[in-house]
Amino acid sequence: MATLPRVFVSRPLPAEALRLLEGRAQLTVGPDRASLSADELAQGMRGADAVVSMLNDRIDAPLLREAGRLKVVANYAVGFNNVDFKAAEELGIWVTNTPGAVTEATADAAMGLLIASARMVPQSELLLRQGKFGGWTPTHCLGGHVSGATLGIVGMGRIGQAVAKRAQGFSMRVIYFSRNRLSPERELALGVSHCGLDTLLAESDFISLHCPLNEQTRHLIDAAALARMKPTAYLINTSRGPVVDEPALARALTEGRIAGAGIDVYEDEPKVHPALLAAPNAVLTPHIGTSTLQTRLAMARLVVADLARIFDGQEPINPVNRPVRPRSFAAA
């Protein structure tokens with residue numbers, strides 16, 4: 001009987017997701033908490049053929065070199081800035097991710113934050129729960145108008161395009177800035193116009209971030225960028241926390257230099273800047289952009305499909321890198 005591959009899942013997945021791996025691998029599942037130390041990751045990866053990593057698992061070159069049996073890092077996320085995929089490539093280790101599975105849920109979350117921040121939904125609910133609602137008045141909880149507003153999307157990949165589709169339902173004018181411009185036909189179908197980042201910052205009533213985190217996008221939205229925004233504008237971030245300079249955002253909100261923000265990701269998760277927590281014009285959620293059972297199961301199916309292909313000696317469906325000499329399961 002063939003030996004089943006050893007798979008280290010760094011954090012418990014929903015039970016339905018773990019069942020997809022039953023019978024296909026010898027599973028070791030990490031502790032149920034937000035993050036693991038480098039030592040805990042190293043221990044879990046030692047002797048493993050595959051690791052199913054989370055977006056907050058920092059898998060660097062030393063960890064990869066120490067994991068001598070490792071064939072694949074299957075990142076349970078669409079982003080992969082937490083993995084040194086170049087070092088993995090040199091070592092013959094595949095890195096995969098879960099694109100597509102997270103698109104709709106994240107786009108829903110972005111639009112939810114946009115509406116919630118503009119219409120002061122959490123603040124209004126708190127006022128009501130605290131018994132401070134004294135009845136309707138013309139000046140009660142005045143927020144921003146969404147329908148017909150200008151939406152600026154930074155990063156027009158799958159999620160950015162899904163947000164643009166949703167914006168059509170609100171008759172929004174959509175402009176975008178992205179490293180790769182869409183085709184004229186796709187721009188026409190989505191009803192979007194390409195522009196420079198400075199133009200987007202200056203003209204948008206809402207700015208929604210959907211770019212990957214890399215050295216070019218780290219602190220893309222800094223104090224200077226925030227200063228270019230309208231004082232009536234809102235910033236929405238469901239991408240990665242370090243794309244925004246969090247202290248600079250907290251100052252802009254506290255000083256009223258922008259109208260508000262809807263934030264789901266943070267620069268130093270799970271920590272959040274105290275001034276951001278205190279800002280009354282910030283709607284904050286605890287990184288729930290993909291938090292639907294359907295999405296998490298879809299992500300698991302992509303992970304399992306690529307693990308199975310790699311262990312069968314095939315290329316994965318969703319590779320992040322492309323090793324010249326991939327390690328084979330048979331040679332382990």
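Tabulated values for the structure
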{"quantity": "Residue match in region 255-271 (condition: at pLDDT 95 or above and assigned to a helix (DSSP H, G or I))", "calculated": "no"}
{"quantity": "Given (1) without any contact (Cβ under 8 Å) to a residue 60 or more places away in the chain; (2) in contact with a His (Cβ under 9 Å, 6 or more places away or on another chain), index of the condition residue 205 fails", "calculated": "(1)"}
{"quantity": "Pairs where the first residue, in region 132-143, is on the phi < 0 side of the Ramachandran plot and the second is part of a loop (DSSP other than H, G, I, E, B) and open to solvent by 60 Å² or more (accessible area, probe 1.4 Å), C-beta under 6 Å, 6+ apart", "calculated": "143/119"}
{"quantity": "Yes/no for residue 188 being open to solvent by less than 60 Å² (accessible area, probe 1.4 Å), of a type outside the set (S, T, N, Q), closer than 30 Å to residue 101 by Cα and modelled with pLDDT of 95 or more", "calculated": "no"}
{"quantity": "Count of region 201-215 residues which are crowded, with 24+ Cβ neighbours inside 10 Å and in a loop (DSSP other than H, G, I, E, B)", "calculated": "2"}
{"quantity": "Pairs with Cβ under 6 Å, 6+ apart, first in region 1-16 and modelled with pLDDT of 85 or more, second among the hydroxyl-bearing types (Ser, Thr, Tyr)", "calculated": "8/28; 10/53"}
{"quantity": "Qualifying residue in region 23-41 (condition: in contact (Cβ under 8 Å) with a residue 60 or more places away in the chain and in contact with a strand residue (DSSP E or B) (Cβ under 7 Å, 6 or more places away or on another chain))", "calculated": "yes"}
{"quantity": "Matching option when the condition is under 18 Å from residue 117 (Cβ atoms) and aliphatic (A, V, I, L, M), among 189, 149, 162, 202", "calculated": "149"}
{"quantity": "Residue that is surrounded by the most Cβ atoms within 10 Å (Cβ to Cβ) [pool: residues in region 111-157 that are at pLDDT 95 or above, more than 26 Å from residue 278 (Cβ to Cβ) and not aliphatic (A, V, I, L, M)]", "calculated": "152"}
{"quantity": "Residue list for region 241-260, restricted to those being farther than 18 Å from residue 287 by Cα and of a type in the set (Asp, Glu)", "calculated": "255"}
{"quantity": "Test set (1) open to solvent by less than 10 Å² (accessible area, probe 1.4 Å); (2) over 30 Å from residue 294 (Cβ atoms); (3) of a type outside the set (S, T, N, Q); (4) under 23 Å from the mean Cα position of the chain (by Cα) - residue 102 fails condition number", "calculated": "(2)"}
{"quantity": "Residue list for region 274-317, filter: in contact (Cβ under 8 Å) with a residue 40 or more places away in the chain, crowded, with 19+ Cβ neighbours inside 10 Å and in a loop (DSSP other than H, G, I, E, B)", "calculated": "289, 290, 316"}
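Residue-by-condition table, conditions (1) within 18 Å of residue 94 (Cβ to Cβ); (2) open to solvent by less than 70 Å² (accessible area, probe 1.4 Å); (3) among the aromatic types (Phe, Trp, Tyr); (4) not in a strand (DSSP E or B):
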| site | (1), (2), (3), (4) |
| --- | --- |
| 24 | yes, no, no, yes |
| 32 | no, no, no, yes |
| 48 | yes, yes, no, yes |
| 52 | yes, yes, no, no |
| 70 | yes, yes, no, yes |
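The values are calculated or read from the model by the stated rules, or taken from the named source; none is laboratory data. In this text, all values refer to a predicted model and were calculated from it rather than measured experimentally. In this analysis, Cβ positions are derived from the backbone assuming ideal geometry, glycine residues included, and neighbour counts consider all displayed protein chains. Keep in mind that these areas ignore ligands, DNA and RNA; they rest on the heavy atoms of the full protein, side chains included. Shrake-Rupley method; radii C 1.70, N 1.55, O 1.52, S 1.80 Å.
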